[in-house]
Amino acid sequence: MKAQYLKNVATLRYDAAKCIGCGRCAEVCPHAVFAVEDRLARVVDRDRCMECGACALNCPTGAIAVHAGVGCAGAILLGMITGKEPSCGGPERREDGASGASCC
Amino acid sequence: MPPATVRKLSGTLGPLPPNPAMGSAKEKWVVGILGEGPSAVPRVSTHLRAADRFGTWKSRWTLGRDDYAVLPGLYAVGSPDRTSPVLVTANYKMTFDAVRKELAGVDAWLLVLDTKGVNVWCAAGKGTFGTKELVRRVDAVGLARRVSHRTLVLPQLGAVGVAAHETARATGFRVEYGPVHAEDLPAWLAAGRVATPAMRRVRFDVRDRLALAPAELVFTFKPALIALGAMFLLNVAGLGFYGLVDLYALAGALFVGCVLAPLLLPLLPGRMFALKGAELGLIWAVAVCLLNGWPDAPTLAWPKALAYLLVLPALAGFLTMNFTGSTTYTSPSGVNREMRRSLPAMVVAAALGVLLLLGDGVAALFAR
Ligand code: SF4
Ligand code: SF4
């Protein structure tokens, strides 16, 4: 299945000037947003970004920034009500890591 | 996420610290002990027993899933030696099982982090599967003295919580990210630890979505019971005549929002989850009307029919929107935008519908 969500919303920012071409971003991204060719990273399709933050956390030179968080309506709704940063709440939602679920 | 504290590795001198994983020695899935004294490591089976599968099933249905964990520490698969790979995972039993069942015929170390019984992705998002815990755990089991190489293999989704370069700086161990899905581990190992592009992508197919349906249903069950209870109380108070039709109309919308729409996700038009759910909810509402004699001989008064057409899509849309929490591709910014756009419409539709339903009840009261 080709998973597609809303367009033009991802907060992903990438500064090519800081890239040393280590390849980590392409290695960690679960949606193949990055490709690294000739020791330079390139954003292939930013609309696929789910803002998990793995690339930014693992980029050794800080070339990537993204407002990472949980893409979960329940958590965001709770955040709107409580005025706190949305986060995976409580132990009630945890799924099989092997099948890959994102919210907790 | 706090950066890992950079400090000297204490695990290079003195006796090996005790391995907390040895507390699992009596578990049914432990098939022996490797080594003696402080170097002892439980060896785990790569075969899942009926009890393990039952545990997984229970967990999916959210029955007693809160402490479905294994002890953190170092485990062995097969007969690992100083050169064998170290695979890092979470201490959620379901995750632990998913990893070990793929490792038949493999000699490896399993370093289990204390993620409080939460799977890799969720724990990484929370930071419990994170640089700090990884550094602490590598140190605590004296890993540097147990293996001669300096590489840790992490599940790719662990990268959401672990910074590879910080881990390397703090432990001396290089981080290598394995495949996203445990089931790709054998192929990844066989290929000389090289991931194909497909192994790097998170999958979210029908099977995955179906696996999540039970939990979705269970979480919706409680509010649904409350709604049914309210209808029952109104009945008792003589304020409404809610019967079998209301019951199956509501139950159907729950099923549509929690199971059907998530399953048919890629087939439903539109990008917003709420829209996808509302579409199916509307079809269901029309079906309810048709089942009750519309348009020729309606047994359903028009306010009630209209109420269904408003409430059921709103309910199904809302539930489907909640499924964004279980998908593997919805971004927080996207969900935010979707909610700002769709929530007002759903609230208005639901409110109008409920008013109609209540009005219908009052009208019936006066007609009596
Ligand atoms: S992780 Fe950073 S430095 Fe490495 S290739 Fe990607 S952007 Fe460039
Ligand atoms: S935030 Fe996650 S999904 Fe987005 S580009 Fe980075 S690794 Fe990929």
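The values are calculated or read from the model by the stated rules, or taken from the named source; none is laboratory data. Predicted, not measured: the structure shown is a model, and the values here were computed from it. No Cβ is skipped: glycine too gets one built from the backbone with ideal geometry, and neighbour counts run over all protein chains shown. Calculation scope for accessible area: heavy atoms of the full protein, side chains included, ligands and nucleic acids excluded. Shrake-Rupley method; radii C 1.70, N 1.55, O 1.52, S 1.80 Å.
Miscellaneous remarks
- Cut-off 14 Å between beta-carbons: net charge of the residues surrounding B:H149, Lys and Arg +1, Asp and Glu -1: +3
- Take each residue of peptide A:52-63, count the partner chain Cβ atoms within 10 Å of its Cβ, and average: the result is 5.
- Shape call, the stretch B:252-368: gyration tensor on alpha carbons, a/c limit 1.5: prolate
- Members of the stretch B:327-357 that become less accessible by 50 Å² or more once partner protein chains are added (1.4 angstrom probe, chain alone as reference): B:Y329, B:S331, B:P332, B:S333, B:R337, B:M339
- Subtracting the Cα-Cα distance of B:D81 and B:I33 from their residue separation scaled by 0.36 nm leaves 15.9 nm.
- Under the simplified labelling scheme, the A:V44-A:A32 pair shows an inter-label distance of 0.4 nm, with each label point 7 Å from Cα along Cα→Cβ.
- Model label sites at B:E176 and B:A227, defined 7 Å from Cα along the beta-carbon direction, differ in position by 5.1 nm.
- Shielding value for B:197-204 is 5, the average number of Cβ atoms from other chains within 10 Å of each residue's Cβ.
- If you sort the three axes of the alpha carbon gyration tensor as a ≥ b ≥ c, you get a/c of 1.5 or more for the stretch A:13-65 and a/b above b/c, which makes it prolate.
- Positive-pole candidate from B:G270, B:A285, B:P303, dipole of the stretch B:265-368, charges at beta carbon: B:G270
- Chains A and B, summed buried accessible surface - 1.4 Å probe, Å², nearest 100: 5300 Å²
- Label separation (B:A50 vs B:T151): 4.1 nm, computed from points 7 Å beyond Cα along the C-beta direction.
- Prolate/oblate/rounded call for the stretch B:6-203, Cα gyration tensor, a/c under 1.5 rounded: rounded
- Averaged over B:151-159, number of beta-carbon atoms from partner chains that fall within 10 Å: 3
- Under 12 Å, Cβ to Cβ, from B:G127 - net charge with Lys/Arg +1 and Asp/Glu -1: +2
- In this calculation the C-beta distance from B:L291 to A:T11 is compared with R0 = 56 Å, giving a FRET efficiency of 0.75.
- Computed from point charges on the beta carbon alone (+1 for Lys and Arg, -1 for Asp and Glu), the dipole magnitude for the stretch B:6-203 about its Cα centre is near 260 Debye.
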